[in-house]
Amino acid sequence: MTVLSPEMKALGVETVGMTKRFGGFTALSDVSIKVAPGSFHALLGENGAGKSTLVKCIMGFYTPTEGSVVVGAREVDIPDPRTAHAMGLGMVYQHFTLVPSLTAAENLVISREDAPKIIDWRRERRDLEQFMDTMPFKAPLNVPVMRLSAGERQKLEILKQLYLGRRFLILDEPTSVLTPSEADEVLGVVRGLTEAGEISVLMISHKFREVTAFADEVSVLRRGVKTGGGLVKDLTHADMAEMMVGAETLAKPAARTGAPGEVVLRVEGVRATDASGLRQIEVDGFEVRAGEIVGIAGVSGNGQSEFMEILTQQRPCEAGQIKVHGVPYHATREEQRRLKVRYLPEEPLKNACAPKMSVAENISFRSFDVNGKGTRRWLDGAGMTRLGADLVKAFKVKTASLDSPIESLSGGNVQRAVLSRELSGEVDLLIISNPCFGLDFTAVAEIRQRIMAARNGGAAVLLMSEDLDEILELSDRILVMSEGRFGYEVAAEHADVAEIGRHMAGHD
């Protein structure tokens with residue numbers, strides 16, 4: 001336990017009987033969590049468990065229906081985020097909030113509420129250097145943020161909160177875009193700050209290893225209720241998982257069967273410009289065979305998103321060719337159907353759905369205009385409803401109704417709905433990007449089982465993911481993408497996490 005001292009700056013924060021209702025829906029019910037001053041507290045729970053609602057109540061984004069927040073042993077009213085900030089509460093979000101084109105120094109100064117209209121940069125840089133001298137870690141102040149590594153950006157996000165005087169930090173999935181070594185470095189820094197009494201931390205995470213390695217205590221939510229918690233040293237990963245999912249039986253990954261067959265996907269000499277317009281995506285030779293999963297690991301921003309866009313023909317190629325079953329492929333709807341190519345893109349609600357259309361309509365997108373013989377037909381409302389009902393049941397999609405807008409579903413259930421559409425019928429090639437990003441424990445297990453089952457059924461699977469654990473669990477072969485190129489390849493059975501992490505960070 002942290003020993004309190006008169007010099008301790010860290011704030012203790014507590015929720016007491018926190019309840020939050022949205023109409024007839026109770027998102028949080030009587031949740032009490034105590035984060036002691038100078039402690040590192042982890043918050044676990046499935047998607048939709050109430051974690052985001054809880055921290056939004058703490059930070060003043062929501063007003064609790066019942067219950068209260070205690071800051072520094074005093075019950076307080078937090079009507080908005082500005083009030084939370086004034087009390088010393090801060091939040092580091094899942095995605096970076098820094099302005100990429102500005103330097104670290106410029107980002108820090110403009111983040112202040114009292115930033116002058118005319119900035120004396122000589123004085124500000126002198127003050128910033130004095131501030132940095134008091135910090136246990138450094139960040140390059142005069143380099144544009146776009147040129148910093150993901151780990152440096154995450155540390156700068158934390159530095160910004162300390163610069164603004166925050167003494168209690170909420171970290172929302174802080175390592176989701178970091179390599180394993182960067183994640184350990186950043187969380188090690190945070191751990192050091194709590195041990196020094198500078199800050200208290202509440203970290204939302206799905207990664208048991210990080211919780212065990214860095215947190216003092218853990219609290220677990222399920223369906224809006226606190227189901228357990230305690231000192232991390234007294235809990236196993238199995239204990240935490242049981243608190244998260246209760247008596248529900250998790251889907252187990254399908255056994256890996258069969259051997260790779262013929263080449264299904266081949267990419268030859270592809271060149272394209274990345275999203276910034278400043279860098280080339282260069283794929284000289286790449287293939288995926290039937291009955292294998294090829295995993296592409298890489299930190300966010302290294303070309304994986306653009307490669308997905310190239311394969312779906314959403315990003316034009318300046319050179320090279322894509323072939324499926326030896327035939328040039330341009331991702332037309334007719335080609336997708338004929339060559340049995342399916343996709344699960346990142347953020348499927350945004351990239352693979354019509355959000356305001358119904359669950360049944362979204363599930364029918366692939367087949368609504370053809371009959372069983374592959375020829376066109378008039379829209380068949382009853383047929384779409386039957387198909388939707390069958391796939392919702394088979395893939396355990398939780399929805400109030402087949403007529404509900406798909407945007408009303410949780411993230412995990414949107415994924416299940418899209419998977420049900422993409423995996424129905426024969427599949428020869430399945431291209432997936434970050435299929436489990438931000439999803440709960442149960443949804444992750446079920447989706448990974450479906451992916452493995454497709455592979456065992458003979459499909460060629462290309463898996464792009466920023467979650468190295470996911471890559472290691474599912475892949476037969478692993479490639480690392482860095483700076484728009486594939487620079488490292490290894491059979492999954494011979495994979496070394498440290499070596500993969502080194503290449504993810506761009507060290508050849």
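Note on region 21-47: among residues that are over 24 Å from Arg74 (Cα atoms) and touching an Asp or Glu at 6+ places or on another chain (Cβ under 7 Å), the one that is surrounded by the fewest Cβ atoms within 10 Å (Cβ to Cβ) is Asn47. Among the residues of region 82-97, those that are part of a loop (DSSP other than H, G, I, E, B) and surrounded by 12 or more Cβ atoms within 10 Å (Cβ to Cβ) comprise Met87, Gly88, Tyr93, Gln94, Phe96, Thr97. Among the residues here, Val109 does not qualify as of a type in the set (Val, Ile, Thr) and more than 19 Å from His85 (Cα to Cα).
Among the residues that make up region 200-219, is at least one of them more than 19 Å from Thr97 (Cβ to Cβ), buried (at least 17 other Cβ atoms within 10 Å of the Cβ), in contact with a helix residue (DSSP H, G or I) (Cβ under 7 Å, 6 or more places away or on another chain) and aromatic (Phe, Trp, Tyr)? Checked against the condition, which is being more than 19 Å from Thr97 (Cβ to Cβ), buried (at least 17 other Cβ atoms within 10 Å of the Cβ), in contact with a helix residue (DSSP H, G or I) (Cβ under 7 Å, 6 or more places away or on another chain) and aromatic (Phe, Trp, Tyr), region 200-219 yields at least one hit.
Kindly check whether there is at least one residue in region 67-85 that is within 30 Å of Thr442 (Cβ to Cβ) and in contact (Cβ under 8 Å) with a residue 24 or more places away in the chain. Checked against the condition, which is being within 30 Å of Thr442 (Cβ to Cβ) and in contact (Cβ under 8 Å) with a residue 24 or more places away in the chain, region 67-85 yields at least one hit. Screening Gln313 on (1) part of a loop (DSSP other than H, G, I, E, B); (2) on the phi < 0 side of the Ramachandran plot shows it passes everything except condition (2).
Restricting Glu292, Glu309 to those that are free of Cβ contacts under 8 Å to residues at least 40 places away in the same chain and either touching a His at 6+ places or on another chain (Cβ under 7 Å) or buried (at least 18 other Cβ atoms within 10 Å of the Cβ) (or both) reduces the list to Glu309. The residue that is farthest from Phe208 (Cα to Cα), among those in region 414-450 that are more than 16 Å from the chain's Cα centre (by Cα) and among the hydroxyl-bearing types (Ser, Thr, Tyr), is Ser424. Taking the stated definitions as given, is Val232 crowded, with 22+ Cβ neighbours inside 10 Å and either modelled with pLDDT under 90 or in contact with a Ser or Thr (Cβ under 7 Å, 6 or more places away or on another chain) (or both)? Taking the combined requirement at face value, the residue does not satisfy it.
In region 194-245, counting only strands (runs of 3 or more DSSP E) that sit wholly within it, the ones holding 1 or more residues that are over 24 Å from the mean Cα position of the chain (by Cα) and assigned by TED's automatic domain parsing to the domain that holds Leu54 span 225-231. For Tyr93, the test of being touching a residue at least 24 places away in the same chain (Cβ under 8 Å) and within 30 Å of Gly298 (Cα to Cα) is passed. Set side by side, the residues Pro116, Pro100 differ, and just one is assigned to a loop (DSSP other than H, G, I, E, B) and either outside the structural domain of His206 (by TED's automatic domain parsing) or touching a residue at least 24 places away in the same chain (Cβ under 8 Å) (or both), which is Pro100.
Screening region 52-69 for residues that are touching an Asp or Glu at 6+ places or on another chain (Cβ under 9 Å) and not in a loop (DSSP other than H, G, I, E, B) and picking the one that is surrounded by the fewest Cβ atoms within 10 Å (Cβ to Cβ) gives Glu66. Among the residues of region 163-179, just one is among the hydrophobic types (A, V, I, L, M, F, W, C), within 24 Å of Glu14 (Cα to Cα) and not in a strand (DSSP E or B), namely Leu164. Only residues that are hydroxyl-bearing (Ser, Thr, Tyr) and over 23 Å from the mean Cα position of the chain (by Cα) were counted across region 134-180, and they come to 2. Assess whether Ala331 counts as being outside any helix (DSSP H, G or I) and at positive phi. Judged against the criteria, Ala331 is a match. Those strands (runs of 3 or more DSSP E) of region 391-508 in which 2 or more residues are crowded, with 23+ Cβ neighbours inside 10 Å occupy 429-433, 460-465, 477-482. Could you tell me whether Arg222 is at pLDDT below 90 and farther than 18 Å from Gly151 by Cβ? Considered against the rule, which asks whether it is at pLDDT below 90 and farther than 18 Å from Gly151 by Cβ, Arg222 comes out as yes.
The values are calculated or read from the model by the stated rules, or taken from the named source; none is laboratory data. From a predicted model like this one, the values you see are computed outputs, not experimental measurements. FYI the Cβ positions are ideal-geometry reconstructions off the backbone, even for glycines, and counts take in every protein chain you see.
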